[in-house]
Amino acid sequence: MKRMGTTGWVLTGLALIIVVVFGIRLVQLSAVEELPETVDEIREREGIPVVAIEADRGTLEVWRTHSGTVTGERESVLRAKSDDEVREIRVRVGDRVRAGQLLVRQAGRASDARIRQAEAAVEQAERRVERLRPLWEAGALSDQDWEDANTQLELARADRDAVGDLQDGLAPIGGVVTEIPARVGVIPAQGDPLVRIVDDSAYRIPLRMSPDQALEFAVGQRVLAGTEEDAPEGRVDRLSIQADPRSRLVEVDARFSGGAATGLRPGSFVTVQILVDAREDVVRVPRTAVRPEGVWVLDGNDRVELREVEVGIRGETWVEILRGIEPGERVVTEGTSLLSDGARARVVD
């Protein structure tokens, strides 16, 4: 037997390698490849994540939110009666005043001269009456002359008081001082505002809305001035019977008890909630569960079904269900975009 040379051994080795590689490839090709899971298979196995809650029975309230500016039961402005200089202001913002209380004093050369003249006329009339009194008591003076003298005295006193009123700014109503446009040393024009006063025995918040919105409101409805739990409570007190011809809006007045304890302040802008409807012992689901096409309901096997429902009143959070859902059934509130009838769902917190 002839011994193989180096070249022969190399060729034999290469042939063996090719045979092995070819065999491995044949095995790989003959093996059945395992295909990856589809999206639908994953969803079927794990379930589509959703948020769900049980429908229940309870009270459902419908509130409407509007905004307005707080005013007093009444408001009044003390105005300048003359163009005299403001010499004295006796109140500050926040002070409580009574009707007729002196708030502002004005003075000027012209008014001072008129007051001196008026006082002199009163003194002269008083002296005349005292001079004539003994004559009238003795019967030496007619009743008519005596009455004329007393009438002149009354007229002089009235003229003096009228001139004094031009300098004395008196509170037109009782309440709280909310603004003092006047300043000491300023010479206002006649009719300029000096002090603003609000009667805080009660507060009002005028609300303006469209005629369609106003259809939900009625006198006596409950009102909350704010969104806090301890918000002041009032009632709808007045409802305009027609819209303003220029703005096309209807005005609704909410009235609240007065005083500082309410926390309301004249001139402040407040969000108001009005209770327009309330029903007890109704089947209700969260507002987010109700879709235009219906409500997605979960069965005991975590399969979903799109259910047609009949809806009643709608609140901010809850919706009344008149037909289609029973208390205790689970409804989907979030994650509905991927759902289809019969799909498996997985409830997450």
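The values are calculated or read from the model by the stated rules, or taken from the named source; none is laboratory data. As the structure is a prediction and not an experimental result, all values here were calculated from the model. In this analysis, Cβ positions are derived from the backbone assuming ideal geometry, glycine residues included, and neighbour counts consider all displayed protein chains.
Exactly one residue out of R307, R303 is touching a residue at least 40 places away in the same chain (Cβ under 8 Å) and either in contact with a Gly (Cβ under 8 Å, 6 or more places away or on another chain) or under 10 Å from V331 (Cα atoms) (or both), and it is R303. As for the stretch 70-77, it holds at least one residue that is surrounded by 18 or more Cβ atoms within 10 Å (Cβ to Cβ), aliphatic (A, V, I, L, M), under 30 Å from the mean Cα position of the chain (by Cα) and more than 30 Å from I313 (Cα to Cα).
Checked against the criterion of being under 37 Å from the mean Cα position of the chain (by Cα), at pLDDT 90 or above and of a type outside the set (A, V, I, L, M, F, W, C), the candidates D230, D212 yield just one match: D212. Only residues that are in a loop (DSSP other than H, G, I, E, B) and either over 23 Å from S247 (Cβ atoms) or charged (D, E, K, R) (or both) were counted in the stretch 174-216, giving 15. Contact annotation: residue pairs with Cβ atoms under 8 Å, 6 or more positions apart or on different chains, pairing a residue in the stretch 333-349 that is within 15 Å of I53 (Cβ to Cβ) with a partner that is of a type in the set (F, W, Y), are T336/W296. Condition check for G267 on (1) in contact with an Asp or Glu (Cβ under 7 Å, 6 or more places away or on another chain); (2) surrounded by 12 or more Cβ atoms within 10 Å (Cβ to Cβ): one failure, at (1). Beta carbons closer than 6 Å, at least 6 apart along the sequence or on distinct chains, pair a first residue in the stretch 139-163 that is farther than 22 Å from A120 by Cβ and without any contact (Cβ under 8 Å) to a residue 60 or more places away in the chain with a second that is of a type outside the set (D, E) and in a helix (DSSP H, G or I) for L141/L132; L141/L135; W146/W136. Here R314, R307 are screened, and the one residue that is in the same structural domain as T336 (by TED's automatic domain parsing) and more than 23 Å from V223 (Cα to Cα) is R307. When the residues of the stretch 101-124 are filtered to those that are modelled with pLDDT of 85 or more and of a type in the set (A, V, I, L, M, F, W, C), the one that is surrounded by the fewest Cβ atoms within 10 Å (Cβ to Cβ) is L102.
A single member of V186, V270, V252, V236 is of a type in the set (V, I, T) and farther than 14 Å from T65 by Cα, and it is V186.
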